[in-house]
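Please read the structure below before turning to the comments.
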Amino acid sequence: MTLASETTSPPSSSLRPITLAILAMGGEGGGVLSDWLVSLAEANGYYAQSTSVAGVAQRTGATVYYVELFPRFDGDTPLPYPVLSTMPTPGEVDIVVASELMEAGRAIQRGFVTPDRSTLIASTSRTYSMSERTAMGDGRIDSQDIIESAKGAARNFVRGDFGRIAEENRSVISAVLFGAICGADVLPFTRDEFEDAIRQGGKGVEASLAAFDGGFGVASAPPTVDIQIGMRPPDSPDTPAEDPDDAIARSNAPALVGPRLTSQAQRIMTDFPAAARPMLVHGIKRTAEYQDTRYADEYLDRVTRVRAFEADEDADARLTTEAARYTALWMTYEDTIRVAFHKTRGHRFDRISDESQQRNQDLLQVHEYLHPQIEEITDTLPTALGRWMLRSRWINALIYKVTHRGIKIQTSSLWGFTVLYFLSRLRPLRRRSLRFGLEQQRIDGWLDQVCSVAAEDYSLACEVVEIQQLVKGYGETHANGMRNFTAIMDVVPSLVGKEDSSATVARLRSAALADEGGNALRQALTELPAS
């Protein structure tokens, strides 16, 4: 930057810096974006200053890059070098750029986005925050809620799936956001001047320009109807968005499956209400991949038991739909075989290669960091052997000695891949394993109680079905979930016939999801009125 040395008259009182706050996570090129803005401004008659405040990515927020731009001239009058701020001030930010939708929400919370001043430019792509990932239940924040909040918080809200555009052009999202800033027409520079700033950078110019063009096209296009993230656009503003696969599943489920699952898909079409068919199609795919087509038949047999309590075929079939969801999830519990299967799939290596932007001459190594406990090992073994090993002190001590510091396996090596691939091929032995037998008993006991309750109270049965979401993971997490699940299931019989039974179970389930230790649930159980 060049300092002004000549004496000049005071600037017009109407002049103020253009202020920009950029919120981006590591690896997304937030620093490059701020450098482009500084280069763009300085090349076209502006003073520019850029600072950054490091965050901790998705744990507490992204890095905030702050840029201020101030003109060198007021008309023909040179202006003195301004004193520019190093931090964004709530209510004083003209342009807020967010590389991810959650970061846009955080910018709104921090007061950077205001309806009288701010243009918010945000990608609708999502990278789940740590609080969402570690939640005991479904901790995902509704993306549409963030979008609606942004509409009300900003003077102008420019949005699009800029993350997808970056991937398609094998570039980083900063180039797409730079194009969106240009397309939004919020800076006094031309498109050619924006592109010159990229060319001056000298690295990845062609890919960056292609990504820039994608962002420019989204930001400069007329506003479109908002859609749920990951779904297709609706036909009209008053029509809710729907995944085409779901629409096909309602009318022609066999079209969504391969030949091995045709009979199961046809059974879905004839034996189940339309509202539940999309979930059932996902269920047979998941259970067949997990084990085999016979397992998919067993899945449909289980959901059929619940389907009998649907009184209205044209209604939303909540009981059947939720039973289809949670039965599929429980029947495909995580075990070592399933983990090994997913870690050795071809498309996983393709995805890693794409995300790392591997080129032909690059060598890529993939390391898996595993920390198996005794239960993960014995659960995969035949029932008798698994129980014996659990009781054996010397076996427990040996496994702890080998695994307590974790195990590292390189799946991109022949040896590492072979070990996990062999483990993934043990699916035929799963039915004889210790955990498989236990889980099948638990599933059937849960569904027995759902059916018993459904005969008297449909709404309560729907809530009982959803208690299953407490059961997940492995080791201590699974044990805690099963303890909470059992505690709620034990009080369900005493709630049948009571006026507020559904609300009570929903409240208990929420309490169980509040903390892994179960303290909130224990407190909620003590507050229940005596039977």
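A few notes on this one:
- Failed criterion for Val93 (all others in (1) modelled with pLDDT of 85 or more; (2) in contact with a helix residue (DSSP H, G or I) (Cβ under 8 Å, 6 or more places away or on another chain); (3) among the β-branched types (Val, Ile, Thr) hold): (2)
- The test for being under 26 Å from Leu447 (Cβ atoms), charged (D, E, K, R) and within 24 Å of the chain's Cα centre (by Cα) does not hold for Arg345.
- Condition check for Gly31: in a loop (DSSP other than H, G, I, E, B), at pLDDT below 95 and more than 14 Å from Ile181 (Cβ to Cβ): no
- Exclusive hit being buried (at least 16 other Cβ atoms within 10 Å of the Cβ), touching a strand residue (DSSP E or B) at 6+ places or on another chain (Cβ under 6 Å) and under 22 Å from Ser433 (Cα atoms), set Thr411, Thr380: Thr380
- Where a residue in region 467-493 is outside any helix (DSSP H, G or I) and at pLDDT below 90 and its partner, wherever it lies, is surrounded by 15 or more Cβ atoms within 10 Å (Cβ to Cβ) and among the aromatic types (Phe, Trp, Tyr), with Cβ under 6 Å and at least six apart: Val471/Phe485
- Of the helices (runs of 4 or more DSSP H) lying entirely inside region 302-393, those carrying at least 3 residues that are within 26 Å of Val465 (Cα to Cα) and not assigned by TED's automatic domain parsing to the domain that holds Glu463 are 318-331.
- Looking across region 443-462, the residues that are among the acidic types (Asp, Glu) and either modelled with pLDDT under 95 or not in a helix (DSSP H, G or I) (or both) come down to Glu456, Asp457.
- Answer residue from region 1-24, given it is buried (at least 18 other Cβ atoms within 10 Å of the Cβ) and more than 12 Å from Tyr81 (Cα to Cα) and is modelled with the lowest pLDDT among those: Ala24
- A Cβ distance below 6 Å, combined with a sequence gap of six or more or placement on separate chains, defines the contacts here; from region 22-48, residues that are assigned by TED's automatic domain parsing to the domain that holds Thr63 reach residues that are among the charged types (D, E, K, R) and crowded, with 24+ Cβ neighbours inside 10 Å in the pairs Leu23/Glu103.
- Every pair of residues 6+ apart whose Cβ atoms lie under 8 Å, when the first sits in region 380-401 and is under 23 Å from Thr332 (Cβ atoms) while the second is among the β-branched types (Val, Ile, Thr) and part of a helix (DSSP H, G or I): Thr380/Thr336; Thr380/Ile337; Gly386/Thr378
- When region 343-374 is filtered for residues that are without any contact (Cβ under 8 Å) to a residue 40 or more places away in the chain, touching a Lys or Arg at 6+ places or on another chain (Cβ under 9 Å) and surrounded by 13 or more Cβ atoms within 10 Å (Cβ to Cβ), only Leu370 remains.
- Pair list, Cβ under 8 Å, 6 or more apart: region 130-158 residue under 24 Å from Ser220 (Cβ atoms) and assigned by TED's automatic domain parsing to the domain that holds Ala107, other residue at pLDDT 70 or above and of a type in the set (Lys, Arg): Ser143/Arg126; Ile147/Arg159; Ala150/Arg159; Arg155/Arg117; Phe157/Lys151
- The lone exception for Ile443 - which of (1) loosely packed, with under 13 Cβ neighbours inside 10 Å; (2) under 30 Å from Pro372 (Cβ atoms) it fails: (1)
- Residue list for region 458-509, filter: of a type in the set (Ser, Thr, Tyr) and more than 20 Å from Val303 (Cα to Cα): Tyr474, Thr477, Thr486, Ser494, Ser501, Ser502, Thr504
- Pairs where the first residue, in region 305-331, is free of Cβ contacts under 8 Å to residues at least 40 places away in the same chain and the second is in a loop (DSSP other than H, G, I, E, B) and of a type in the set (Phe, Trp, Tyr), C-beta under 8 Å, 6+ apart: Arg307/Phe272
- Applying the condition of being of a type in the set (Val, Ile, Thr) and within 29 Å of the chain's Cα centre (by Cα) to region 406-442 and asking which residue is modelled with the lowest pLDDT yields Ile407.
- Among the residues of region 256-301, just one is outside any helix (DSSP H, G or I) and among the small types (Gly, Ala, Ser), namely Gly258.
- Number of the condition not met by Phe216 [criteria: (1) modelled with pLDDT of 90 or more; (2) within 24 Å of the chain's Cα centre (by Cα)]: (2)
- Subset of region 258-274 that is small (Gly, Ala, Ser) and surrounded by fewer than 19 Cβ atoms within 10 Å (Cβ to Cβ) - its residue that is modelled with the highest pLDDT: Ser263
- In region 289-316, the qualifying residues are those that are aliphatic (A, V, I, L, M) and within 31 Å of the chain's Cα centre (by Cα), and the one that is surrounded by the fewest Cβ atoms within 10 Å (Cβ to Cβ) is Ala315.
The values are calculated or read from the model by the stated rules, or taken from the named source; none is laboratory data. Computed from a predicted model, the values in this text were never measured in an experiment. Backbone-built Cβ (ideal geometry, glycine too); neighbour counts: all protein chains shown.
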